[in-house]
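Report on the structure given below.
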Amino acid sequence: MLYLSTRGHAERKHFCDILLEGLAPDGGLYLPEHYPQVDDAMLTRLRTAYHEQGYAELAFQILSLYIDDIPAADLRALCEKTYTAEVFGTGEIVPLRHLENGLWLEALSNGPTLAFKDMAMQLLGNLFEYELARRGEQLNILGATSGDTGSAAEYAMRGKEGVRVFMTSPHGRMSAFQQAQMFSLQDENIHNIAVEGVFDDCQDIVKAVSNDLEFKRKYKIGTVNSINWARLLAQVVYYFAGYVQATETNDQKVSFTVPSGNFGNVCAGHVARSMGLPIDQLVVATNENDVLDEFFRTGVYRVRASCDTHETSSPSMDISKASNFERFVFDLLGRDGARTKALFGDALAQDGRFDLSGDPVFANAAQKYGFVSGKSTHADRLATIRDTHARFGVTIDTHTADGVKVAREHRGNSAVPMIVLETALPIKFADTIVEALGHPPECPAKFVGIENLPRRVQVMAADVAQVKAYIEQHCK
């Protein structure tokens, strides 16, 4: 299996090369040359693997379709090391919970940082350590987070041999719990940079540094954001796990609703569907920052300036430039690298938007690829949190509430199960839970008092040069 750039770069690379590289040399994102197809017999094998051997075996079998430069025994060992009941709190790893009339929640927040990002990041940490040891190299990870990626990456990489983490985040825009999770870490290989701006400013810095090929090579810069294909690949696995739990036979379909800001989580669903997993709809749920919802309704992709990016009560989706969207548009355009580059490299830079509404491919977003969308507001998520708690005794976080609200709008035929991907435990957004329910959510014992711990963080302007200088200083 070789990987290509969404922007048409001629070179093809193996998995372990793009694992450490992040962005392609032309600024594009890596995708496999083709999506391996899962036929009925293979889907039956995957179903059996999950039910009889567990999530780690399911992960191994799916990852093996994409990774041929790690020996099978080593890859299986990495999966078994990652997906354990000790790390994720349950042997099922991602259990389903039925809410109502064919509406299910898939629990993805059982990991060390209580968010779905752990599902991929724990594997990524082990993959990095394995490959760096094999090569005798080191890696400086530069990342951007709107809340959960940062803590998931830092908890996965802390203490790892050969790895440093430089994580940017929007200063003052994450929840108090999210800030505490990251900034309280005292490990020498973890560096937190609070950028005076919004998440998109952080993401722009990561891309700018990654596109400086001389700097990237000199300081061995890699990334853990979902622009890294390995992270997105790991997320494909839980779509298969949700499907085999919600169905009994392979002729049944399911739909997934995914709270989304950067399009990484739902892009993994797009990959699973493209592989042949029987997914009916992929429902994109946004908050007030509705760039993605606007596209799927109108065909216009229009990024917002920092000053027009709303600060909301589902802050991990306060994003107006969805990096992974480029992967889907590349597929939507028939894998036309030149046209993808023109849209994402030129049109967005010049106009801040592009318009596919008049292009016949736009209809494929729904008809061929199953995408629909919806939007949720602060009032919506408060009402959904209250309703879910009152009727089912279940407390959900603010992002999951956005998903449940939009899922109900698109549920349609209840004979097709609708699975909402849970994003985090409610304690990460306690202020809004108190506003909705009048009392705080339960806090796991290991995190009690975390907001009072000493903090280690550097605040700086949204300036690429300053971030580069900070990396240089701490790589000596």
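The values are calculated or read from the model by the stated rules, or taken from the named source; none is laboratory data. What you see is a predicted model, and the numbers here were worked out from it, not measured in a lab. Note that we place each Cβ from the backbone using ideal geometry, even for glycine, and neighbour counts take in every protein chain shown.
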**OP:** Would you please list the contacts, defined by Cβ atoms under 7 Å and residues six or more apart or on different chains, that run from a residue in region 198-214 that is of a type in the set (Lys, Arg) to a residue that is crowded, with 24+ Cβ neighbours inside 10 Å?
**Re:** LYS207/LEU23
**OP:** Considering only region 301-359, state which residues are small (Gly, Ala, Ser) and in contact with a helix residue (DSSP H, G or I) (Cβ under 9 Å, 6 or more places away or on another chain).
**Re:** ALA305, SER306, SER313, SER314, SER316, SER320, ALA322, SER323, GLY334, GLY337, SER357
**OP:** Kindly check whether there is at least one residue in region 28-46 that is in contact with a Cys (Cβ under 8 Å, 6 or more places away or on another chain), under 29 Å from GLN245 (Cβ atoms) and part of a helix (DSSP H, G or I).
**Re:** no
Subject >> Qualifying positions in region 96-118 - in contact (Cβ under 8 Å) with a residue 60 or more places away in the chain, crowded, with 16+ Cβ neighbours inside 10 Å and not aliphatic (A, V, I, L, M) >> reply: GLY102, TRP104, GLU106, SER109, THR113, PHE116
**OP:** Among the residues of region 411-461, write down those that are part of a loop (DSSP other than H, G, I, E, B), within 26 Å of MET121 (Cα to Cα) and not β-branched (Val, Ile, Thr).
**Re:** GLU422, LEU425, PRO441, GLU442, CYS443, PRO444, GLY449, LEU453, PRO454, ARG455, ARG456
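Yes or no, residue by residue, for (1) within 26 Å of the chain's Cα centre (by Cα); (2) closer than 18 Å to LEU108 by Cβ:
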site	(1), (2)
SER373	yes, no
HIS410	yes, no
THR432	yes, no
PRO440	no, no
PHE447	yes, yes
ASN452	no, no
VAL459	yes, no
VAL464	yes, no
Original post:
Just to be sure, is VAL416 touching a Ser or Thr at 6+ places or on another chain (Cβ under 9 Å) and either aromatic (Phe, Trp, Tyr) or over 25 Å from ALA152 (Cβ atoms) (or both)?
Top reply: yes
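Condition check ((1) at pLDDT 95 or above; (2) not β-branched (Val, Ile, Thr)) across all residues:
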site	(1), (2)
SER306	no, yes
GLU311	no, yes
PRO315	no, yes
ILE319	no, no
GLU326	yes, yes
GLY334	yes, yes
GLY337	yes, yes
THR340	yes, no
LEU343	yes, yes
**OP:** Tell me which residues, restricted to region 1-16, are aromatic (Phe, Trp, Tyr) and either surrounded by fewer than 20 Cβ atoms within 10 Å (Cβ to Cβ) or in a helix (DSSP H, G or I) (or both).
**Re:** PHE15
**OP:** Could you figure out which of (1) touching a residue at least 40 places away in the same chain (Cβ under 8 Å); (2) within 22 Å of PRO95 (Cβ to Cβ); (3) out of contact with any strand residue (DSSP E or B) (no Cβ under 7 Å at 6 or more places or on another chain) isn't true of ALA246?
**Re:** (3)
**OP:** Please find, within region 83-138, the residue that is farthest from PHE177 (Cα to Cα) out of those that are of a type in the set (Asp, Glu) and over 17 Å from the mean Cα position of the chain (by Cα).
**Re:** GLU137
Original post:
Right, LEU19: touching an Asp or Glu at 6+ places or on another chain (Cβ under 7 Å), closer than 30 Å to ASN211 by Cα and buried (at least 22 other Cβ atoms within 10 Å of the Cβ) or not?
Top reply: yes
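Quick check: anything in region 355-365 in a loop (DSSP other than H, G, I, E, B) and of a type in the set (Asp, Glu)? Spell out the reasoning first.
Just the residues of region 355-365 that are in a loop (DSSP other than H, G, I, E, B), to begin with: 356-359.
Subset that is of a type in the set (Asp, Glu): 359.
The answer is yes, given that some residue of region 355-365 is in a loop (DSSP other than H, G, I, E, B) and of a type in the set (Asp, Glu).
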Original post:
If the Cβ limit is 8 Å and pairs must be 6+ apart or interchain, which residue in region 305-333 that is under 21 Å from ARG381 (Cβ atoms) pairs with which residue that is surrounded by 21 or more Cβ atoms within 10 Å (Cβ to Cβ) and of a type in the set (Lys, Arg)?
Top reply: GLU311/ARG173; SER313/ARG381; SER314/ARG381; PRO315/ARG173; ASP318/ARG173
**OP:** Please work out which residue is farthest from PHE215 (Cα to Cα), limiting yourself to region 43-71 and to residues that are buried (at least 17 other Cβ atoms within 10 Å of the Cβ), free of Cβ contacts under 8 Å to residues at least 40 places away in the same chain and not small (Gly, Ala, Ser).
**Re:** GLU57
**OP:** Considering each residue of region 310-345, count those that are β-branched (Val, Ile, Thr) and assigned to a loop (DSSP other than H, G, I, E, B), and give that number.
**Re:** 2
**OP:** Quick one: count up the residues across region 343-371 that are exposed (fewer than 14 other Cβ atoms within 10 Å of the Cβ), of a type in the set (A, V, I, L, M) and farther than 25 Å from ARG411 by Cα.
**Re:** 1
Subject >> Residue list for region 219-261, restricted to those being within 21 Å of MET167 (Cα to Cα) and either in contact with a Lys or Arg (Cβ under 7 Å, 6 or more places away or on another chain) or among the charged types (D, E, K, R) (or both) >> reply: LYS220, VAL224, ARG231
Original post:
When you go through LEU31, LEU20, LEU4 one by one, which is the residue that is at pLDDT below 95, touching a strand residue (DSSP E or B) at 6+ places or on another chain (Cβ under 9 Å) and among the aliphatic types (A, V, I, L, M)?
Top reply: LEU20
Original post:
So how many residues does region 385-405 have that are crowded, with 16+ Cβ neighbours inside 10 Å and either touching an Asp or Glu at 6+ places or on another chain (Cβ under 9 Å) or of a type in the set (Gly, Ala, Ser) (or both)?
Top reply: 11
**OP:** Filter region 144-192 down to residues that are in a loop (DSSP other than H, G, I, E, B), more than 18 Å from the chain's Cα centre (by Cα), closer than 24 Å to ASN126 by Cβ and of a type outside the set (Asp, Glu), then give me how many there are.
**Re:** 8
Original post:
Within region 406-434, can you find the residues that are surrounded by fewer than 24 Cβ atoms within 10 Å (Cβ to Cβ), β-branched (Val, Ile, Thr) and farther than 27 Å from GLU248 by Cβ?
Top reply: ILE427, THR432, VAL434
